[in-house]
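Since the structure comes first, as structure tokens, the remarks are kept for the end.
The values are calculated or read from the model by the stated rules, or taken from the named source; none is laboratory data. Remember, it's a predicted structure, so these values are computed and weren't measured experimentally. Here the Cβ positions follow ideal geometry from the backbone for every residue, glycine too, while neighbour counts run over all protein chains shown. Accessible surface is based on the protein model in full, side chains and every heavy atom, while ligands, DNA and RNA are left aside. Shrake-Rupley method; radii C 1.70, N 1.55, O 1.52, S 1.80 Å.
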Amino acid sequence: MRYLCLIYDDPKTWEKMPKSESDKIMGEYFEFTEGIKKSGHHLGGEALQPINTATTVRVRSGKLSTTDGPFAETKEQLGGFYLINAKDLNDAIKVASKIPSARYGSIEVRPIMEYDKQ
């Protein structure tokens, strides 16, 4: 079954972090990614640009509107994701718990909706 692991962090945590520590964590991310590729869990994943680059799009009554930034005002912001293959939710949680940001922010694990292709 496929799961999306959404990675949320407080950008201020990263801004305040010494470069040596952030470099160490990025190294942990590279190791984590290689590990889930070898284990067969990895289907994809990307880091996202900072929140100030986001644009929210809405269409109401046929009218398009855009807003700079995210829709929600929260402390933790979506910073990236992994799409993984796991045998069940417990397996997905086990994988997600090893994402480095689980120690600093949070990881939301959501199953992918599977539709019949008829």
In the chain, with Lys and Arg counted as +1 and Asp and Glu as -1 at Cβ, which of these residues, THR33, MET113, GLY62, has the Cα nearest the positive end of the dipole, that is, farthest along it? GLY62
Candidate residues LEU48, LEU83: accessible-area rank, largest first, probe 1.4 Å: LEU48, LEU83
Mind checking which lysines have their Cα closer than 21 Å to the Cα of LYS87? Skip sequence neighbours fewer than 8 apart in that chain. LYS37, LYS38, LYS98
Quick one: with all protein chains in place, what share of the accessible area of the chain is carbon or sulfur, to the nearest percent (1.4 Å probe)? 54 percent
For the chain, what percent of Cα pairs sit more than 23 Å apart? 41 percent
With n ≥ 4 as the cut-off for DSSP H runs, can you work out [θ] at 222 nm for the chain, using -39500 (n - 2.57) per run divided by the number of residues, rounded to the nearest 500? -9000 deg cm²/dmol
Which aspartates and glutamates have a Cα less than 13 Å from the Cα of LYS75, not counting those fewer than 8 places away in the same chain? ASP9, ASP10
Averaged per residue, what accessible area in Å² does segment 17-118 show with a 1.4 Å probe, protein chains only? 74 Å²
State the extension gain, in nm to one decimal, for the chain segment bounded by SER97 and LYS16, taking 0.36 nm per residue of separation less the distance between their alpha-carbons. 26.8 nm
Reciprocal mean inverse distance between Cα atoms of segment 71-118 - Kirkwood radius, Å: 12.7 Å
Return the Cα extents of segment 27-90 along principal axes one, two and three, sorted largest first, each rounded to a whole Å. 47, 26, 18
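Using a simple charge model, +1 on the beta-carbon of Lys and Arg, -1 on the beta-carbon of Asp and Glu, nothing else, what dipole does segment 7-63 show about its Cα centre, in debye to the nearest 20? The partial results should precede the final answer.
Values: 9 positive and 9 negative charges, 98 e Å.
Dipole about the Cα centre, nearest 20: 480 debye.
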Sorting check: for 94-100, 12-18, 23-29, which peptide has the highest mean count of neighbouring beta carbons within 10 Å, and how do the rest follow? 94-100, 23-29, 12-18
Taking the Cα centre of the chain as origin and charging only Cβ (+1 Lys, Arg; -1 Asp, Glu), how large is the dipole, in debye to the nearest 20? 220 debye
Share, in percent, of DSSP beta bridges within the chain that are antiparallel, nearest 5: 100 percent
Which of GLY44, SER101, PRO11, positive extreme of dipole for the chain (C-beta unit charges): GLY44
Treating only the Cβ of Lys, Arg, Asp and Glu as charged (+1, +1, -1, -1), what charge dipole size does segment 49-118 show about its Cα centre? Round to the nearest 20 debye. 80 debye
Using only alpha carbon pairs under 8 Å that are at least six residues apart, calculate the relative contact order of segment 31-118 and give it in whole percent. 28 percent
